[in-house]
Amino acid sequence: MLIWFLPTFLVFLIIGLPVFFALLAAPGILLWLNGQTNDITLLYRNVYNGMDSFPLMAIPFFMLAGELMNRGGITIRLVEFSQALMGHLRGGLAHVNVLSSILFAGLSGSAVADTSALGSMLIPAMEKQGYTRKFAAAITAASSVIGPIIPPSGIMIIYAYVMGESVAALFLAGIVPGVMVGVGLMLMIKFMADKYDFPVASRKYTWGERRQASLKAFFPLLTPVIILGGILGGIFTPTEAAAVAVGYAFIIGFFVLRTLTLKEVPEILSNAGLTSAVVLLLVGAAMAFKTVVSLSHAPEQLASLILSLSENPLILLFLINLLLFVVGMFLDAGPAIIILGPILGPIFTSLGVDPIHFAIIMSVNLTVGLATPPMGLVLFVAAAVSREKVETIAKAILPFLAVEIIVIFLITYIPAISMTIPRITGFAN
């Protein structure tokens, strides 16, 4: 009977039950109907146990660092730096949107934070310059998925925690795929700009103005260097790196740029705490859900089913990409990784796929799902920021989703894209 936990969970999602409650209600009801009352206690105890982890402390720290930088005016400096470099091109503000997402990804690692922070500035600016609101919201949502791919990444921290992989290796493996998504989006913007005659900024920045913008963005851009450099150099763990990022953001905001005041600290802590609570509750519920997955023997049955379809790993990777893409439409990336990672990871490792490579395939695919209709979280955030209908944004985002799907398949079938940097640095075989 427990094999019905996944269909039950999907039914709860369809009727509008929040993911956290659906993750607990579906297995809880089935355990009760099956007479396994002792396992119900185990299920709900694992909600706390799933959150009680030192590696997961990195998530609230990175959330707080991102909030400090956003409130400290650092986001504005990144946008100004991007505009100095690319604002003069046809479709310049759309290019600026993507480049800002690439730079912002090195600070927050959150697609939602990216959509909210950059969208609130760039969507009105793009609309004022002549872009349609739906296009501005669509490119903001599409580019925001770069946030969890380029390090630091909350999703990769969760994957490493669940699967026992190296956080540093996953961070390094995400650099090139994240940049590829950004470049792919810019190429699509270039094509659309020429076809639909997108606006051009009034003037080209002088080299002196570009140098000035670069100096303003210098300290914010040092953040990912400090985080990655410290982790790779063995100076601190990823969790400690997140705490260092908070300290660095605090110093930059209060003493270097002097854009933060003590009055803002309670609100900053509150916002970071609420965002972190949502993520950690989902992680805890997903870890509890994972308990029922093991009790139901679903992993073994799914593995047998997958291997019966084909023995060719290339065909199986294609099918799994389709599965992950569909899952990403309905389920947030964190819970999806916790539920499916332990099921799918060992299957593909046994077929000769490198565990770091599969981690990137899964992470990028599910991250793109955040911008995929009908349930993509960043679509709803973009709709709230732009005051545009979700359905309208969903139609406008389709060309950009096509680009991201192409990148997913390139990552899948050319392992060197994600594996070269981890191998060069000695974090992967």
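The values are calculated or read from the model by the stated rules, or taken from the named source; none is laboratory data. Bear in mind that the values here come from a model prediction, so they are computed numbers and not experimental data. Here Cβ is always computed from backbone atoms with ideal geometry, including for glycine, and neighbour counts include all displayed protein chains. Protein only, heavy atoms only, side chains kept; ligands, DNA and RNA dropped before computing areas. Shrake-Rupley method; radii C 1.70, N 1.55, O 1.52, S 1.80 Å.
Points worth noting:
- When the Cα positions of THR223, ILE405, LEU17 are compared along the charge dipole of the chain, THR223 comes out farthest toward the positive end, with charges on each C-beta of Lys, Arg, Asp and Glu.
- Using the Cβ of MET86 as centre and a radius below 13 Å, the other residues enclosed give a net charge of +3, where K and R count +1 and D and E count -1.
- Of LYS263/LYS389; LYS128/LYS216; LYS190/LYS395; LYS290/LYS395; LYS204/LYS389, those spanning more than 27 Å from alpha-carbon to alpha-carbon: LYS263/LYS389; LYS290/LYS395; LYS204/LYS389
- Only Lys, Arg (+1) and Asp, Glu (-1) charged, at Cβ; segment 342-429 dipole about Cα centre in debye: 100 debye
- Listed candidates (1) 70, 49, 45; (2) 66, 48, 44; (3) 61, 60, 44 - label of the one calculated as Cα extents along the principal axes in Å: (1)
- Shown for the chain: the carbon plus sulfur share of the solvent-accessible area, taken with all protein chains present and a 1.4 angstrom probe, equals 69%.
- Gained length - HIS297 relative to LYS263, 0.36 nm times residue gap less alpha-carbon distance: 7.0 nm
- Shape of segment 1-57, Cα gyration tensor, a/c cut at 1.5: oblate
- For the listed peptides 412-422, 98-108, a ranking on the average number of other beta carbons within 10 Å per residue, highest first, reads 98-108, 412-422.
- Residues in segment 204-240 that a label on MET121 would reach, taking backbone N under 17 Å of a point 7 Å out along Cα→Cβ: 210-224
- Rounded to whole Hz, the Karplus (6.51, -1.76, 1.60) HN-Hα couplings of segment 413-422, x for glycine and proline: 9, 10, x, 4, 4, 9, 8, 4, 5, x
- Residues whose placed amide H lies under 5 Å from that of VAL200, excluding near-sequence neighbours: GLY91
- Prolate/oblate/rounded call for segment 191-323, Cα gyration tensor, a/c under 1.5 rounded: oblate
- Relative contact order computed over segment 249-404 (Cα-Cα under 8 Å; 6+ residues apart), in percent: 20 percent
- A Cβ-based charge dipole, computed about the Cα centre of the chain with Lys and Arg at +1 and Asp and Glu at -1, lands at about 1280 debye.
- Calculated mean residue ellipticity at 222 nm for the chain: -25000 deg cm²/dmol, from DSSP H runs with n ≥ 4 weighted as -39500 (n - 2.57), summed, divided by the residue count and rounded to 500.
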